[in-house]
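Q: One structure coming up, written as structure tokens, with questions to follow.
The values are calculated or read from the model by the stated rules, or taken from the named source; none is laboratory data. These numbers were taken from a predicted model, which means no experiment stands behind them. Glycine also receives a Cβ, built like all others from the backbone with ideal geometry; neighbour counts cover every protein chain displayed.
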Amino acid sequence: MRAIDILKTAIGNSFRSRLRTSLTVIAIFIGAFTLTITNGLGAGINNYIDSQVASIGAPGVMNVTKPVEATDATDGPKPYETSSPSEVSSGTGQPGATVLALTDDDLTAIGAVEGVTSVDPRVAVRPDYIEYGDAGKFQLNVSPLSAGVQIELAAGATLDQNGNELQIVLPTTYIDTLGFESNEAAVGKTVTIGITNALREQTTVDATVVGVQEPTLLGASPSINNALTTALYDAQNVGIPTDSANQYAAATARFDPASTPAQITQLKARLVDAGYAGTTVADQIGTFQSVIDGIILVLNAFAVIALLAAGFGIINTLLMSVQERTREIGLMKAMGMSGGRIFALFSTEAVFIGFLGSAIGAGVAMLVGGVISRVLANGLLKDLAGLQILTFTPSAIITVLLLVMGIAFIAAVLPASRAARQSPIDSLRYE
């Protein structure tokens, strides 16, 4: 019996007991469907994260802070020393996040680290509100735009970091709230920012909206240029002694944009040795990616468990098939068919059942996933432009098919071996 004959016979034998085969295919379908969906979810989110990193850019830029020394959970608070450096808000928008304040001496020390080409201070400004027209006052948390960082615009232009005009870029989520008719209508308008100084006096600073940005994984805070940052910082520091005012939450260190990941890791290590911590944009977004990868891994584990359960269904199906076809096996052996050919026949049946279930499961998953992606893109996820929550690649689909067929083949080893070892005389006498 040639290979093509074995394949044709195996396909025909698979449908001898249609109900039994159908139930096994359904079990495989569930596992393959789940595995395809979870892989598509992981691919979709990771592709979006990669696009965010690419669009944000900032090659050769690192955020440097002086972290607070961690204390053991069983230790009490450390003794207060008047010479201890001050702790300030990290300016990241994370509640309770504090770092040790950087001074001009720290900036000099960071600039002296091998691999750092230049360093600039990043000041933390904490405005109270933003206001436009009669729409009311709304809480505001701004992010000074680091050098080299790009923003994905929905309208308008990016910030001018070298000009004297006080500029702000608003996220799309602020447009309706502040009373603008559209993204384009907001561009060129003047908004008022309120900020409180050290004397508990509230002052205002006017800024021009030059653009509207799409939300990103790093948040949806308005971005401000250097001129507006300086104006807010000066207004905020009224009443603060000069020596206290010259303290910074973080610094922006620049290095060679062509640096390899290994060289960047070495630069971070040198900063740690100097008492500082450095993070890149890729590091910040990479945290999201690690969490997503962990979740997808757990979901894939459940899908694989379902496939293993389906594998036991294949074993049961083939064992019953071998039992029912004992005389047929004896006849094939009596006519000269080798044990290897019989093993190939039954294992091919299992692989075909696995292929059938996985192909249907993957196909349905792609159809359902496409519908879900479109619905979410126009609904819950419409603010995340470019996010296709489920992405299916040919390599991922082929991997699922091969994995399921591999499990089916392994499941077929026991029943196929039993069929191959049967004696033709005993099989022909079987009733």
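Q: Which residues, taken from the stretch 202-223, are within 16 Å of Pro127 (Cβ to Cβ) and at pLDDT 90 or above?
A: Gln202, Thr203, Thr204, Val205, Asp206, Ala207, Thr208, Val209
Q: State yes or no: is Ile30 surrounded by fewer than 21 Cβ atoms within 10 Å (Cβ to Cβ) and over 42 Å from the mean Cα position of the chain (by Cα)?
A: No.
Q: A further question follows. For Met335, are the conditions met, namely being out of contact with any Lys or Arg (no Cβ under 9 Å at 6 or more places or on another chain), under 30 Å from Ala419 (Cβ atoms) and either free of Cβ contacts under 8 Å to residues at least 60 places away in the same chain or surrounded by fewer than 16 Cβ atoms within 10 Å (Cβ to Cβ) (or both)?
A: yes
Q: Here's a follow-up. Can you name every residue in the stretch 17-46 that is touching a residue at least 24 places away in the same chain (Cβ under 8 Å) and farther than 23 Å from Thr391 by Cβ?
A: Correct list: Ser17, Arg20, Thr21, Leu23, Thr24, Val25, Ile26, Ala27, Ile28.
Q: Take the residues in the stretch 232-288 that are under 24 Å from the mean Cα position of the chain (by Cα) and of a type in the set (D, E, K, R), then tell me which one is surrounded by the fewest Cβ atoms within 10 Å (Cβ to Cβ).
A: Restricting to residues being under 24 Å from the mean Cα position of the chain (by Cα) and of a type in the set (D, E, K, R), the top hit is Asp283.
Q: Just one of (1) surrounded by fewer than 15 Cβ atoms within 10 Å (Cβ to Cβ); (2) at pLDDT 85 or above; (3) within 28 Å of Val142 (Cα to Cα) trips up Gly96, so point out which.
A: Unmet condition: (2).
Q: A further question follows. What do you reckon, is Arg200 exposed (fewer than 14 other Cβ atoms within 10 Å of the Cβ) and either in contact with a helix residue (DSSP H, G or I) (Cβ under 9 Å, 6 or more places away or on another chain) or not β-branched (Val, Ile, Thr) (or both)?
A: yes
Q: Considering each of Ser373, Ser321, Ser427, Ser417 in turn, give the residue that is within 30 Å of Asn183 (Cβ to Cβ), among the hydroxyl-bearing types (Ser, Thr, Tyr) and either surrounded by 19 or more Cβ atoms within 10 Å (Cβ to Cβ) or modelled with pLDDT under 90 (or both).
A: Just one listed residue meets the conditions, Ser373.
Q: Go through the stretch 360-408 residue by residue and tally those that are outside any helix (DSSP H, G or I) and small (Gly, Ala, Ser).
A: Let us first name the residues in the stretch 360-408 that are outside any helix (DSSP H, G or I), namely 378-393.
Checking which are small (Gly, Ala, Ser) leaves us with 379, 385-386.
Residues in the stretch 360-408 being outside any helix (DSSP H, G or I) and small (Gly, Ala, Ser): 3 in total.
Q: Now a separate question. For Gly60, indicate whether it is modelled with pLDDT of 80 or more and touching an Asp or Glu at 6+ places or on another chain (Cβ under 7 Å).
A: yes
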